[in-house]
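A short write-up of the structure that comes next.
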Amino acid sequence: NAGVTQTPKFQVLKTGQSMTLQCAQDMNHEYMSWYRQDPGMGLRLIHYSVGAGITDQGEVPNGYNVSRSTTEDFPLRLLSAAPSQTSVYFCASSYSWGSQGENTEAFFGQGTRLTVV
Amino acid sequence: EDQVTQSPEALRLQEGESSSLNCSYTVSGLRGLFWYRQDPGKGPEFLFTLYSAGEEKEKERLKATLTKKESFLHITAPKPEDSATYLCAVWGYSGAGSYQLTFGKGTKLSVIP
């Protein structure tokens, strides 16, 4: 099992450019999510999905779009990159989530370090 | 609003010097409290899940405990390889049938040989 795979690992964008961060999991997990991690701020939830075709906003959704067409993939799109989006982005998945009792632990990818200049 | 507060922010220990990390939380309808370890440049690595007050989990030199208001991660006789940032997180109900995982800011542990 590869677990949660994120690509790319590093990316530099110019202000105004768009791009998609890829996330794939091979554990048949229903719940997937995207976080950003900034110094002193901890991990903050951007968007999440409880299954194919279902997405919702987290704490810091502005400037980002997501879609979930398959169970395996959950890409994060930056529409028009801004320096404030410079961060490390993590994708995570879990078998179940807060409404469903146990097996709720989230597994994380290795992260994408994004710099917007 | 769910809140997770970890203390201390940073902790330096001598090798073999046992200590505890604290995670206090306020959440509507706790559905699990989690501890993760994060090494520099890596994603968080899952350590423990605790579901109810009084529950304890152990793994090597680490032991996690849970009360109704807080969780402790006890580190017994730490080694330099235990140096990392330890994160605490909780599932909580965020309204409209939605649950979200909320993280604390972490405790950066340094174990000195």
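The values are calculated or read from the model by the stated rules, or taken from the named source; none is laboratory data. This structure is a prediction, so every number in the text was calculated from the model and none was measured. Here the Cβ is made from the backbone with ideal geometry for all residues, glycine too, and neighbour counts use every protein chain on show.
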When the range A:86-116 is checked residue by residue, the ones that are more than 14 Å from chain B (Cβ to nearest Cβ) and free of Cβ contacts under 8 Å to residues at least 40 places away in the same chain are A:T86
Checked the range A:48-57 for anything within 11 Å of another protein chain (Cβ to nearest Cβ) and either surrounded by 16 or more Cβ atoms within 10 Å (Cβ to Cβ) or hydroxyl-bearing (S, T, Y) (or both); matches are A:Y48, A:V50, A:D56
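Being in contact with an Asp or Glu (Cβ under 8 Å, 6 or more places away or on another chain), surrounded by fewer than 17 Cβ atoms within 10 Å (Cβ to Cβ) and of a type in the set (G, A, S): is that true of B:S110 here? Spell out how you get there, then give the answer.
On the way: in contact with an Asp or Glu (Cβ under 8 Å, 6 or more places away or on another chain): no; surrounded by fewer than 17 Cβ atoms within 10 Å (Cβ to Cβ): yes; of a type in the set (G, A, S): yes.
Spelling it out, it is not the case that B:S110 is in contact with an Asp or Glu (Cβ under 8 Å, 6 or more places away or on another chain), surrounded by fewer than 17 Cβ atoms within 10 Å (Cβ to Cβ) and of a type in the set (G, A, S).
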Restricted to the range A:31-86 and to residues being β-branched (V, I, T) and more than 10 Å from the chain's Cα centre (by Cα), the residue nearest to A:E102 (Cα to Cα) is A:V50
Does the range A:34-42 contain any residue that is surrounded by 16 or more Cβ atoms within 10 Å (Cβ to Cβ) and at pLDDT below 95?
yes
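Say whether the condition of being at the interface with chain A (Cβ under 10 Å from one of its Cβ atoms) and loosely packed, with under 15 Cβ neighbours inside 10 Å is met by at least one residue in the range B:57-76.
Start the filter on the range B:57-76 by keeping residues that are at the interface with chain A (Cβ under 10 Å from one of its Cβ atoms), which leaves none.
No: the range B:57-76 contains no residue that is at the interface with chain A (Cβ under 10 Å from one of its Cβ atoms) and loosely packed, with under 15 Cβ neighbours inside 10 Å.
Please work out which residue is nearest to the other protein chains (Cβ to nearest Cβ), limiting yourself to the range A:19-47 and to residues that are in a loop (DSSP other than H, G, I, E, B) and on the phi < 0 side of the Ramachandran plot. Explain how you work it out, then say what you get.
Taking the range A:19-47 as the starting set, the residues that turn out to be in a loop (DSSP other than H, G, I, E, B) are A:26-30, A:39-41.
Then keep just the ones that are on the phi < 0 side of the Ramachandran plot; that gives A:26-27, A:29-30, A:39, A:41.
Numbers: A:D26: 16, A:M27: 12, A:H29: 13, A:E30: 12, A:P39: 10, A:M41: 7 Å.
Among those that are in a loop (DSSP other than H, G, I, E, B) and on the phi < 0 side of the Ramachandran plot, it is A:M41.
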In the range B:95-113, anything at the interface with chain A (Cβ under 9 Å from one of its Cβ atoms) and not small (G, A, S) is listed as B:Y99, B:Q100, B:L101, B:T102, B:F103, B:K105
Exercise. Does A:A24 meet the test of being of a type in the set (G, A, S) and either surrounded by 11 or more Cβ atoms within 10 Å (Cβ to Cβ) or under 19 Å from A:V116 (Cα atoms) (or both)?
Worked result: yes
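Give me a count of the residues in the range A:101-117 that are part of a loop (DSSP other than H, G, I, E, B) and either at pLDDT 95 or above or of a type in the set (F, W, Y) (or both). Steps first, answer last, please.
Looking only at the range A:101-117, we keep the residues that are part of a loop (DSSP other than H, G, I, E, B), and these are A:101-106, A:109-111, A:117.
Subsequent filtering for residues that are either at pLDDT 95 or above or of a type in the set (F, W, Y) (or both) retains A:109-111, A:117.
The number of residues fulfilling the criteria is 4.
Considering only residues that are among the β-branched types (V, I, T) and in contact with a strand residue (DSSP E or B) (Cβ under 7 Å, 6 or more places away or on another chain), look in the range A:1-54 and name the one that is farthest from A:E72 (Cα to Cα).
Initially, the range A:1-54 is screened for residues among the β-branched types (V, I, T), giving A:4-5, A:7, A:12, A:15, A:20, A:46, A:50, A:54.
If we keep only those that are in contact with a strand residue (DSSP E or B) (Cβ under 7 Å, 6 or more places away or on another chain) too, we end up with A:4-5, A:7, A:12, A:15, A:20, A:46, A:50.
Values: A:V4: 9, A:T5: 10, A:T7: 14, A:V12: 26, A:T15: 30, A:T20: 16, A:I46: 18, A:V50: 12 Å.
Only one residue fits best here, namely A:T15.
Mind listing just one residue for me: the one in the range B:77-94 that is of a type outside the set (S, T, Y) and away from every other protein chain (no Cβ under 11 Å) and, of those, surrounded by the fewest Cβ atoms within 10 Å (Cβ to Cβ)? It would help to see each step written out before you state the result.
Initial filter on the range B:77-94 (of a type outside the set (S, T, Y)): B:77-82, B:84, B:87-92.
This time we only want the ones that are away from every other protein chain (no Cβ under 11 Å), so: B:77-82, B:84.
Numbers: B:A77: 12, B:P78: 22, B:K79: 13, B:P80: 11, B:E81: 9, B:D82: 18, B:A84: 20.
Result: B:E81.
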B:Y51 in contact with a Phe, Trp or Tyr (Cβ under 9 Å, 6 or more places away or on another chain), in contact (Cβ under 8 Å) with a residue 12 or more places away in the chain and surrounded by 13 or more Cβ atoms within 10 Å (Cβ to Cβ):
no
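If you take the residues of the range B:1-39 that are aromatic (F, W, Y) and either within 12 Å of another protein chain (Cβ to nearest Cβ) or out of contact with any strand residue (DSSP E or B) (no Cβ under 8 Å at 6 or more places or on another chain) (or both), which of them is surrounded by the fewest Cβ atoms within 10 Å (Cβ to Cβ)? Break it down stepwise before answering.
Within the range B:1-39, the first condition is being aromatic (F, W, Y), and the residues that meet it are B:25, B:34-36.
If we keep only those that are either within 12 Å of another protein chain (Cβ to nearest Cβ) or out of contact with any strand residue (DSSP E or B) (no Cβ under 8 Å at 6 or more places or on another chain) (or both) too, we end up with B:34-36.
Numbers: B:F34: 24, B:W35: 24, B:Y36: 22.
The selected residue is B:Y36.
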*asked:* Can you confirm whether A:P75 is touching a residue at least 24 places away in the same chain (Cβ under 8 Å), in contact with a strand residue (DSSP E or B) (Cβ under 7 Å, 6 or more places away or on another chain) and under 22 Å from B:K42 (Cβ atoms)?
replied: yes
